[in-house]
Amino acid sequence: MAIRVYGIPNCDTVKKARVFLAEQGHAFDFHDFRKDGLEREKLESWLTQQPMDVLLNKRGTSWRKLSDADKDNQDSQHLVALMLANPTLIKRPVIERDGVVSVGFSKDVQASFCA
């Protein structure tokens, strides 16, 4: 079972997910958005499984720092470009497991690793 966790290392939710997975005995790779970057193809593939409103984090500081023009433009290609330029706009963690993409680390996501 291949597991890859995407995020930034100082994010509390990413830390929680990494600790949880390790404690559950799941081997995983960690991909740091800032250090390792993110390809457009990867982001677009996530959007085939998760809607934009789930993947794009509009609650964080990164979103609030954007110009009103950027926030008002809801065109999907514009939002993808924003997330590629500012990976902290992506809700974290993004977890790929055997081709399935989950976003965040809710109780449901945690439970899926305990089954």
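We did not get these values from a lab; they are worked out from the coordinates using the rules stated. Keep in mind it's a predicted model, so treat the numbers as computed, not measured. Heads up, the Cβs are rebuilt from the backbone with ideal geometry, glycines too, and the neighbour counts pull from every protein chain shown.
For the chain, the Kirkwood estimate of the hydrodynamic radius, built from every pair of different alpha carbons, is 14.6 Å. Our helix-only sum for the chain, with -39,500 (n - 2.57) per DSSP H run of n ≥ 4 divided by its residues, gives a mean residue ellipticity at 222 nm of -11000 deg cm²/dmol.
With 22 Å as the limit, the listed pairs LYS71/LYS107; LYS65/LYS91; LYS15/LYS91 have LYS71/LYS107 beyond it between alpha carbons. When only the Cβ of Lys, Arg, Asp and Glu is charged (+1, +1, -1, -1), the dipole of the range 3-112 relative to its Cα centre reaches about 440 debye. Dipole orientation for the chain: of the candidates GLN74, PHE33, THR13, THR13 has the Cα lying most toward the positive pole (charges on Cβ; Lys, Arg +1; Asp, Glu -1).
Dipole check for the range 20-74: with +1 at the C-beta of Lys and Arg, -1 at the C-beta of Asp and Glu, and the Cα centre as origin, the magnitude is about 280 Debye.
Using a simple spin-label model with pseudo-atoms 7 Å out from Cα toward Cβ, ASP68 and ALA85 lie 1.9 nm apart. Within the straight-line cut-off of under 13 Å between alpha carbons, the aspartates and glutamates reachable from LYS58 are ASP68, ASP70, ASP72, sequence neighbours fewer than 8 places apart in one chain being disregarded.
Annotation note: trypsin sites (Lys or Arg not before Pro) in the range 56-115 located in DSSP loop regions with a Cβ neighbour count of at most 15 within 10 Å are LYS58, ARG59.
The distance between label points at VAL54 and ALA2 comes to 2.1 nm (points 7 Å beyond Cα on the Cα→Cβ vector).
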